[in-house]
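The values are calculated or read from the model by the stated rules, or taken from the named source; none is laboratory data. Worth saying up front: this structure is predicted, and the values here are computed from it rather than measured. Counting neighbours? That spans all protein chains shown, and the Cβs are built from the backbone with ideal geometry, glycine included. In case anyone asks, the SASA skips ligands and DNA or RNA and just uses the protein heavy atoms, side chains included. Shrake-Rupley method; radii C 1.70, N 1.55, O 1.52, S 1.80 Å.
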Amino acid sequence: MKRWKSWKRFSLFAVLGILLSALLGCSGTPSGQSADGRQEIEFWTMQLQPDFTDYFNTLIAEFESDNPDLAVRWVDVPWSDMQSKILTAVSAGTAPDVVNLNPDFALQLAGRNAWLDLNEQVPAEVQQQYLSKIWQANSLNGQSFALPWYLATSITISNTAILDEAGITTPPSTFEELAAAAAQIRERTGKYAFFVSFVPEDSAEVLQSFVKMGVQLVDEQGQAAFNTPAGLAAFDYWVTLYKDGLLPREALTQGHRRAIELYQSGEVALLSTGPQFLSTIATNAPAIAATSIATPQITGTTGAKNVAVMNLVVPRSTDSPEAAVKFALYVTNDANQLAFAKEANVLPSTIAALEDEYFTQIADDAAPADQARVVSASQMGEAEVLLPPLEDIKVLQKIVYENLQAAMLDQKTVEQAIADAEQAWNQR
């Protein structure tokens, strides 16, 4: 489907929010009341129309049928408008009752006490229905500020023809195995194992790899915490791969799109991307697709795998906290999460929904997209939001990438590069 051709698009939901206060109260009815006198719940989502209009209209109708005293007003907002609008609405006290946000931006406003503490609203046994690491991603100072909703994660697509030619029987699953495979593939085939971008404004894949390798990026005060033995090892890992000729030279100048081009042309063996991309490969490069399989994310010593999360928050200023929480729990319950996951080709955040056979069982001759869905779902036990919720996380990425590049080009030693990155971040 159009919206979910690539889960890469999912990461663009880093800026989220709500409608301008000017849109509120347009019906002329009292705030919090529908035209027919029912208690109204204002529900805002992010760019889910028109692809999922029918789904949400049906969900809302079923909720209202079960709760005849409640009405839901659904408003969908373009993601590009979100950040400024949530700030405006929260500051003005005009936020809706239930809002779709991602944990990074929601956390920034949680620090301002903008959201209800759901530990006080949601029983412990209900909290335990969600994946524990995903629930924890929505916590601050012991308070839970959001209900987890839908998830997206990347996988590794592996070209078995290149691996076979290089004498590799099992695709690499760790960075250590990846380095060994990169040398073997380059020596025996003349091709590359993979492409990863060091362009500061592009993919965060390398920065995420640091966390997978056990590196803490910042401390509790937001100061650099990566100038450690683990951080030095992570810097050295990427610099060594580049200097040894195991990464394409254009890794310093081109973004993730180049990785896709190289994979589809059969020049690299591995591609980190969303599960749906297997269908795109089948269209663009059927010969490559015929030898491609879905395998888990490459990870490090921590075993962690990255996941992107969308959730629902209830503003503290709501006039209808009980009704708002009731609706948010309805949207994110097992049955509705499973239904939306099938509709939108995403992953649910509840344990029971993930255990459904849709995510655990496939036929031996299943289509590649179905295989990828099962692989991505199988990662959720280790999946977590890897990057810290920093408003200027892209600044940190730029600093780290620029110093990695300097070391790769022999303009700095690895030790000098990591020290300079530490100083640049702390003095920004």
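Enter the angle in degrees (range 0 to 90, nearest 10) between the Cα long axis of helix 229-243 and the first principal axis of the Cα atoms of the chain, meaning the one along which they spread out most. Once rounded, one gets 60 degrees. The listed residues T174, T283, once ranked by accessible area (1.4 Å probe) with the largest placed first, stand as T283, T174. Placing I362, I162 in order of accessible area, with the largest value first and a 1.4 Å probe, yields I362, I162. Think of the chain as having a plus end and a minus end, set by charges on the Cβ of Lys, Arg, Asp and Glu; of M380, L140, A204, A204 sits farthest toward the positive end of this dipole.
So the label point goes 7 Å from the Cα of T170 along Cα→C-beta, right? Which residues of the range 305-331 then have their backbone N under 20 Å from it? Under 20 Å, as judged by backbone N against the label point of T170, lie 305 of the range 305-331.
With the convex hull constructed from alpha-carbon coordinates only, the range 143-204 shows a mean projected area of 7.2 nm² over all directions.
Per 0.36 nm of contour for each residue apart, how much would the distance between E177 and E120 grow if the chain were fully extended, relative to their Cα-Cα spacing?
Full-extension gain reported as 16.0 nm.
When the surface is traced with a 1.4 Å probe over the full set of protein chains, I293 keeps roughly 60 Å² accessible.
Against the main long axis of the alpha-carbon atoms of the chain, helix 53-66 sits at an angle near 40°. In the context of the full set of protein chains, residues of the chain present 42 Å² of accessible surface per residue (probe radius 1.4 Å, heavy atoms only). Annotation for N57 and A35: the two label points, set 7 Å from Cα along the Cα-Cβ direction, are 1.6 nm apart.
How high is the relative contact order of the range 28-141, in percent, with contacts defined as C-alpha pairs under 8 Å that are six or more residues apart? After rounding, I find 28 percent.
Residues S132, S376, sorted by accessible area with the largest first, give S132, S376 [1.4 Å probe; ligands and nucleic acids excluded].
Between the range 50-118 and the range 364-428, the alpha-carbon centres lie 30 Å apart. Between R112 and A352, residue separation times 0.36 nm minus the direct Cα-Cα distance comes to 83.1 nm. Label sites at Q221 and E267, each approximated as a point 7 angstrom past Cα along Cα to Cβ, lie 4.7 nm apart. Ligands, DNA and RNA excluded, the heavy atoms of R73 present near 80 Å² of accessible surface to a 1.4 Å solvent probe. Rg to Rh ratio, the chain, alpha-carbon atoms and Kirkwood radius? Ratio of gyration radius to Kirkwood radius: 1.00. The label point for A285 and the one for E322, both projected 7 Å from the Cα toward the Cβ, are 5.8 nm apart. The portion of the accessible surface of the chain made up by carbon and sulfur, rounded to a whole percent, is 49 (1.4 Å probe; DNA, RNA and ligands excluded).
Applying 1/(1 + (r/R0)^6) with R0 = 25 Å to the Cβ-Cβ distance of K243 and E187 gives a FRET efficiency near 0.95.
What full-extension length gain, to one decimal in nm, is calculated for E343 and S378 as 0.36 nm per residue of separation minus the Cα-Cα distance? Don't skip to the end; give the middle numbers.
On the way: separation 35, 0.36 × 35 = 12.60 nm, distance 1.92 nm.
The E343-S378 span can extend by a further 10.7 nm.
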